[in-house]
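Enquirer: Dumping the structure here so I can ask a few things about it.
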Amino acid sequence: MIAEIGGEALRLLAFSVETVSVRPGEVLFERGAPAEGAYVVVNGKIALKAGDTDRERTVGAGTLIGEMALIVPTERPCDAVALEPTRLIAIPRPLFRRVLTEFPEIAETIRQKLVTRVRAEQAALDRVRATLNSLDQRD
C-alpha cells in the first residue's frame, strides 16, 4: 500500500511517523495484541511467527508489516521479534486515514488493489472448496 503513495502524501507521512528501534530478541508485538497501525522495516530483520507452529517468516528492509491494520481495527496475527538490531517506521492508522482523506486518488487506487486481492483470495478458497467437495464425494 505504501508504494501507492507519492509526492505530497509521502511527505505528510514522512514528517508524521515515529521511528522505532528494537534489539535482537526484543518483541515488537505479540500475536493477539491490538494492531493500531503498521510498520515499515528500515533496516535489520524481523521474525514473524504465527502461533505454536514452526511457521516463521523473516522480513527485512522495505517490508510493510501489518498493512491491514492501516485500514481496519484488527489484532496482530503473529509474534514479531527482532533477529538483529532493527529500525522501523511506525505508521498509525489515524495518520494513514488522514492521507487517504486528503488524497482521495490514493484511496481509490488502494481500494482497487484490495478488491483484486480479495477476489484472488476468494478464487483460491473456491478451489479449495471444490477439492474438498470432490474428496467428500469419493468417500
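The values are calculated or read from the model by the stated rules, or taken from the named source; none is laboratory data. Because the structure is a prediction, the values reported are computed rather than measured. Note that each Cβ is placed from the backbone with ideal geometry, even for glycine, and that neighbours are counted across all protein chains shown.
Enquirer: Restricting to segment 102-130, what's the tally of residues that are in contact (Cβ under 8 Å) with a residue 12 or more places away in the chain and polar (S, T, N, Q)?
Expert: So the count comes out to 1.
Enquirer: To continue, here is another question. What's the number of the only condition in (1) loosely packed, with under 14 Cβ neighbours inside 10 Å; (2) part of a strand (DSSP E or B) that Gly51 fails to meet?
Expert: Status for Gly51: all satisfied but (2).
Enquirer: Given the conditions (1) without any contact (Cβ under 8 Å) to a residue 24 or more places away in the chain; (2) touching a helix residue (DSSP H, G or I) at 6+ places or on another chain (Cβ under 6 Å), report the number of the one that Leu70 does not fulfil.
Expert: Exception for Leu70: condition (1).
Enquirer: Right, another one. Do we have Pro24 as out of contact with any Leu (no Cβ under 7 Å at 6 or more places or on another chain) and either of a type outside the set (A, V, I, L, M, F, W, C) or surrounded by 14 or more Cβ atoms within 10 Å (Cβ to Cβ) (or both) here?
Expert: So Pro24 fails the test.
Enquirer: Could you tell me whether Arg138 is among the basic types (Lys, Arg) and either in contact (Cβ under 8 Å) with a residue 60 or more places away in the chain or under 30 Å from Glu8 (Cα atoms) (or both)?
Expert: So Arg138 fails the test.
Enquirer: Looking at Val72, Val128, Val99, Val40, can you tell me which residue is in a loop (DSSP other than H, G, I, E, B) and of a type in the set (Val, Ile, Thr)?
Expert: Val72
Enquirer: Mind counting the residues in segment 78-129 that are of a type in the set (Gly, Ala, Ser) and surrounded by 13 or more Cβ atoms within 10 Å (Cβ to Cβ)?
Expert: Residues meeting the conditions: 4.
Enquirer: Another question about this same structure. Out of Leu114, Leu83, which single residue is modelled with pLDDT of 95 or more and over 12 Å from the mean Cα position of the chain (by Cα)?
Expert: Just one listed residue meets the conditions, Leu83.
Enquirer: Consider only pairs whose beta carbons are under 7 Å apart and that are at least six residues apart or on different chains; among these, list those whose first residue lies in segment 9-22 and is in contact (Cβ under 8 Å) with a residue 40 or more places away in the chain and whose second residue is small (Gly, Ala, Ser).
Expert: Note: pairs meeting the criteria are Val17/Ala90; Glu18/Ala90; Val20/Ala90; Val22/Ala82.
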